[in-house]
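Right, one structure below, let's go through it.
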Amino acid sequence: MTTIEGEFLRGAGPVAVLKLLERGEMYGYELVEALERRTDGILAMGQSTLYPMLYNLEAKGFIAARWDESGARPRKYYRLTADGRRKLAADAKSWHRLTVAMEALGLTSSIPGVVA
Amino acid sequence: MSGAKIHDGGGNPGASGHRGRSPHPSTLPPEVDGFIEQVIRGTRLRKAERDDVRAELTSHFAEALASGASAAAAMASYGDPKDSARALRAAAIAKRSAIDRAFGRALVATGWTVGVVVGAYVLFALYLAANAPRPSFDPIERVAERLPVAPPDQVAWASYRKILPALGLTGHQDGANATADRIDAGPGWPGRKPTDEAGATWDEQVAWCDTHSADLARLRAASALPVLGFPYATGLTELDAALFEQGVIEQSQALIRDKDRPWRAFGIMLPHLASVRQCARVLALDATVAASRGQGAAAVDDLAAIVAMSMQVQQPRFLICDLVAVAMRAVAAQRAVMLLEAMPDAFTDADLARLQAVMRSVPAELAMLELWGERIGFEDAVQWVYSDDGDGDGFFNPTTENVSMLSSIDAGSLGSDNTMSSMQSVMVSLVRPGAAIWMAGRKDMMDFYDRWCEELTARRDWTLGTLATAAPTQTDAPLRAGDAVFKSRYLLAALLLPAIDKANTVLAADRAQREAVDVAAACVRFRRAKGAWPTSVAALVPAYLPSTPVDPWSGKAPGIKGDGATFLVWSVGEDMVDQGGDLSAGSQSPRARQTSGPERAMACDWVWFAPTGSVDRWFQE
């Protein structure tokens, strides 16, 4: 499956990460795998891109992190903040309108697993 | 997800604080650890931030390996470490607080600014090193261009260098010189004792003058020649060997030959000045001997020779030449008044008229400030310490050697060994660009010098009183006020200007003193013609004086009084207070400053003429 890169991913990647975290906190590698698995590889962003993206979302207050060292391997978990939820809601609407518009143009029928 | 060991995932200096995550013992393969370190190094983040990123990536690869991926596959799927490092750095910085980011930006900006400034400083230093001062003119040649020339038989120096050794007036420490020194230390006046034990008696002085009468006649004849011809620009030669020590001749020739020697104008050899000054004293002695024998005409010849030699000395117009010339004329003027007061009968009316003519014979330009010689010296100094942009400007950019010269001037020891250590040389190199920026530029420096010279020259015809009461010159006011900033910016001027400060006063005193002799001679002539002393100086005009004399201190007519037995003409003197012509110490000179203690005027008049029959006032301490 060909992945989406560049400008598309720059816009879609953060929304996709926020969407994944909506269900609960996740650590970095878990997010990498989830993105690949749940988007059928389309949003399988380079792993080196994910962590800077997480830091940026954290810097903007949309997500928060904590370390958990209780398991076999230390993991850094990320969770959605209240601001992150509001941001996700707003972005979801935008993506929905975009999808509808694209469909109206006959460009696509759906983008599975990315937006609700 | 929960656990017993859970903490905030900070690790950056943002909202989460500076709590970096402690490095966790890695169980990853060495190549993965190396990969992670490559990323971490590339981020150039702070330690706490690096620790956090390291922990996150370690966790990431541990998870990848645990999921069954090989180390190579995990690294390959992670992506390019350099790109990752750049992105992580940008993101980690974005996590910092606004103040932190602002501080970081300021730090970076400061770093760049410092870097640019240092770079510019280094480039400027290189520019200065490549544009060291390149002297464009030879000061010796420039002096030579201003000197009068004459055929060999009209050049006085050719005669002086033969006569001076015969009179013992040389720098050599030989018998003739010792005798001349002893004669010079004699009383100089009949009936008086030597001023020190080593001095000759009056009779010995008379005998010496008689013995050397032919030499003195040749000296007088040479003084009448129009050109001195001292070898300022060609160097002393073996022909001058009889006058000066061998070392002086070698120094003089080296100075002319070595055009790369800095500040040559200040090194121009003037060893003859001491000899000609001694000539003035010997001629004054001879004048006294002649007058004591009733030979007034011969006495006037001697005094005329002193004045003529003084004018030769002023070729060229270095300040030191002016000062020596003025001192020689002061010897002639004071001796003339002494003779008129004590031995007036030695002089015929024609002798007196000739004496007046002698005192008036000094052209105005030689009795007023003229700084062309000094300017050549200053411009020479400038061309050695300033670079030249070809348009009259340039930076203060002295070589180590010339910094040494400046230091020696500052220490008052020009010419002494001021070799710098290598460490000092390095310091000079480091400081040079800063100094070049700080110091006045070449054009500014010369403009300042010329403005100051112009202001001084504008006062060249002022009287003593006007000079004493006028506001100080303005151009150099910051220097006089001790303005440290100005002095440091105009260092060359601060070091070299003060020497000229009193020149106008010295020259005004020269003019005044010769006028006093003129008036004294006129009074004697008046008395002979009229049978009584004049009751006012105006009475001397026009028969004996071309115009009414003026007291140079008060600006009014000089004091004059006589009761038949006594007669006095006087100026109020430097204290500007009329004491009625008192004859106490200090009355002999227009500038009766005390020689010790703080410089101030003595409370006395300057008496131009006091024919009391006694010369006691001339020998008071």
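The values are calculated or read from the model by the stated rules, or taken from the named source; none is laboratory data. Owing to the predicted nature of the structure, the values given are computational and were not obtained by experimental measurement. Cβ placement follows ideal geometry from the backbone for every residue including glycine, while neighbour counts extend to all protein chains displayed.
Considering each of B:A132, B:A90, B:A144, B:A94 in turn, give the residue that is in a helix (DSSP H, G or I), more than 10 Å from every other protein chain (Cβ to nearest Cβ) and hydrophobic (A, V, I, L, M, F, W, C). Quick ask: steps written out before the conclusion?
On the way: B:A132 fails: in a helix (DSSP H, G or I); B:A90 fails: more than 10 Å from every other protein chain (Cβ to nearest Cβ); B:A94 fails: more than 10 Å from every other protein chain (Cβ to nearest Cβ).
Being in a helix (DSSP H, G or I), more than 10 Å from every other protein chain (Cβ to nearest Cβ) and hydrophobic (A, V, I, L, M, F, W, C) holds for just one of B:A132, B:A90, B:A144, B:A94, which is B:A144.
Say we look at the stretch A:37-60 and pick out the residues that are within 8 Å of chain B (Cβ to nearest Cβ) and small (G, A, S); which of these is farthest from B:L28 (Cα to Cα)?
Looking at residues that are within 8 Å of chain B (Cβ to nearest Cβ) and small (G, A, S), I get A:A59.
Can you report the number of residues in the stretch A:61-77 which are out of contact with any Pro (no Cβ under 9 Å at 6 or more places or on another chain) and outside any strand (DSSP E or B)?
The initial filter retains those residues of the stretch A:61-77 that are out of contact with any Pro (no Cβ under 9 Å at 6 or more places or on another chain), namely A:61, A:63-66, A:69-77.
Restricting the remaining residues to those that are outside any strand (DSSP E or B) gives A:61, A:69-74.
Final tally of qualifying residues: 7.
Does the stretch B:133-149 include one or more residues that are more than 19 Å from B:D302 (Cα to Cα) and either without any contact (Cβ under 8 Å) to a residue 60 or more places away in the chain or over 33 Å from the mean Cα position of the chain (by Cα) (or both)? Please lay out each step first, then the result.
We begin by selecting, within the stretch B:133-149, every residue more than 19 Å from B:D302 (Cα to Cα); these are B:133-149.
If we keep only those that are either without any contact (Cβ under 8 Å) to a residue 60 or more places away in the chain or over 33 Å from the mean Cα position of the chain (by Cα) (or both) too, we end up with B:145.
Yes, that holds for at least one residue.
With exposed (fewer than 15 other Cβ atoms within 10 Å of the Cβ) and modelled with pLDDT under 90 as the only criterion, which of B:S536, B:S584 stands out?
Numbers: B:S536 fails: modelled with pLDDT under 90.
From the options B:S536, B:S584, the qualifying one is B:S584.
Being more than 32 Å from the chain's Cα centre (by Cα) and among the small types (G, A, S), is that true of even one residue in the stretch B:273-284? Write out each step before concluding.
Within the stretch B:273-284, the first condition is being more than 32 Å from the chain's Cα centre (by Cα), and the residues that meet it are B:283-284.
With the extra rule that they be among the small types (G, A, S), the set shrinks to B:284.
Yes.
Which ranges mark the helices (runs of 4 or more DSSP H) fully within the stretch B:148-267 that have 1 or more residues being farther than 30 Å from B:V385 by Cα and among the charged types (D, E, K, R)? Can you show your working first?
On the way: elements: B:157-167, B:175-184, B:202-211, B:213-223, B:246-257, B:264-267.
Helices (runs of 4 or more DSSP H) meeting the threshold: B:157-167, B:175-184, B:202-211, B:213-223.
Before we move on, is B:V206 out of contact with any Asp or Glu (no Cβ under 9 Å at 6 or more places or on another chain), touching a residue at least 12 places away in the same chain (Cβ under 8 Å) and under 30 Å from B:T399 (Cα atoms)? Steps first, answer last, please.
Values: out of contact with any Asp or Glu (no Cβ under 9 Å at 6 or more places or on another chain): yes; touching a residue at least 12 places away in the same chain (Cβ under 8 Å): yes; under 30 Å from B:T399 (Cα atoms): no.
No.
If B:L65 satisfies every condition in (1) in a loop (DSSP other than H, G, I, E, B); (2) modelled with pLDDT of 90 or more but one, which is the exception?
All conditions pass for B:L65, except number (1).
Of the conditions (1) surrounded by fewer than 17 Cβ atoms within 10 Å (Cβ to Cβ); (2) at pLDDT below 90; (3) closer than 27 Å to A:S48 by Cα, B:R96 fails just one. Which one is it?
So the condition that B:R96 fails would be (1).
Yes/no matrix, rows are residues, columns are (1) without any contact (Cβ under 8 Å) to a residue 12 or more places away in the chain; (2) over 15 Å from the mean Cα position of the chain (by Cα); (3) buried (at least 17 other Cβ atoms within 10 Å of the Cβ):
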site	(1), (2), (3)
A:Q47	no, no, yes
A:L50	no, no, yes
A:M53	no, no, yes
A:N56	no, no, yes
A:W67	yes, yes, yes
A:G71	yes, yes, no
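Checking A:A34 against (1) more than 7 Å from chain B (Cβ to nearest Cβ); (2) surrounded by 21 or more Cβ atoms within 10 Å (Cβ to Cβ); (3) in a helix (DSSP H, G or I): exactly one of these is not met. Which one?
The single condition A:A34 does not satisfy is (2).
Please indicate, with yes or no, whether at least one residue in the stretch B:326-347 is outside any helix (DSSP H, G or I) and either buried (at least 21 other Cβ atoms within 10 Å of the Cβ) or at pLDDT 90 or above (or both). Quick ask: steps written out before the conclusion?
Here is the first cut: in the stretch B:326-347, the ones outside any helix (DSSP H, G or I) are B:343, B:347.
This time we only want the ones that are either buried (at least 21 other Cβ atoms within 10 Å of the Cβ) or at pLDDT 90 or above (or both), so: B:343, B:347.
Within the stretch B:326-347, one or more residues are outside any helix (DSSP H, G or I) and either buried (at least 21 other Cβ atoms within 10 Å of the Cβ) or at pLDDT 90 or above (or both).
Give the residue, chosen from B:A470, B:A532, B:A494, that is assigned by TED's automatic domain parsing to the domain that holds B:A557 and of a type outside the set (D, E, K, R). Please lay out each step first, then the result.
Working: B:A470 fails: assigned by TED's automatic domain parsing to the domain that holds B:A557; B:A494 fails: assigned by TED's automatic domain parsing to the domain that holds B:A557.
Step by step, each of B:A470, B:A532, B:A494 is checked, and only B:A532 is assigned by TED's automatic domain parsing to the domain that holds B:A557 and of a type outside the set (D, E, K, R).
Can you find, within the stretch B:68-87, the residue that is farthest from B:V53 (Cα to Cα) among those that are more than 7 Å from chain A (Cβ to nearest Cβ) and surrounded by 14 or more Cβ atoms within 10 Å (Cβ to Cβ)?
We begin by selecting, within the stretch B:68-87, every residue more than 7 Å from chain A (Cβ to nearest Cβ); these are B:68-76, B:81-82, B:85-86.
When the remaining residues are screened for being surrounded by 14 or more Cβ atoms within 10 Å (Cβ to Cβ), the result is B:69, B:71, B:74-75, B:81, B:85-86.
On the way: B:A69: 21, B:A71: 19, B:A74: 17, B:M75: 16, B:P81: 13, B:A85: 10, B:R86: 13 Å.
The residue in question is B:A69.
Within the stretch B:160-197, take every residue that is farther than 26 Å from B:R293 by Cβ and small (G, A, S) and give me the one that is modelled with the highest pLDDT.
Filtering the stretch B:160-197 for residues that are farther than 26 Å from B:R293 by Cβ and small (G, A, S), the one modelled with the highest pLDDT comes out as B:A178.
Only residues that are farther than 18 Å from A:Y55 by Cα, among the acidic types (D, E) and more than 8 Å from every other protein chain (Cβ to nearest Cβ): list them for the stretch B:47-67, please.
none
Within the stretch B:24-57, track down each residue that is farther than 16 Å from B:I93 by Cβ, among the β-branched types (V, I, T) and part of a helix (DSSP H, G or I).
B:V32, B:I36, listed by residue number.
For A:G28, indicate whether it is modelled with pLDDT of 90 or more, of a type in the set (G, A, S) and farther than 24 Å from A:S94 by Cα.
On the way: modelled with pLDDT of 90 or more: yes; of a type in the set (G, A, S): yes; farther than 24 Å from A:S94 by Cα: yes.
So A:G28 fits the description; yes.
Can you name every residue in the stretch B:147-203 that is closer than 25 Å to B:R617 by Cβ and among the basic types (K, R)?
B:R192, B:K193
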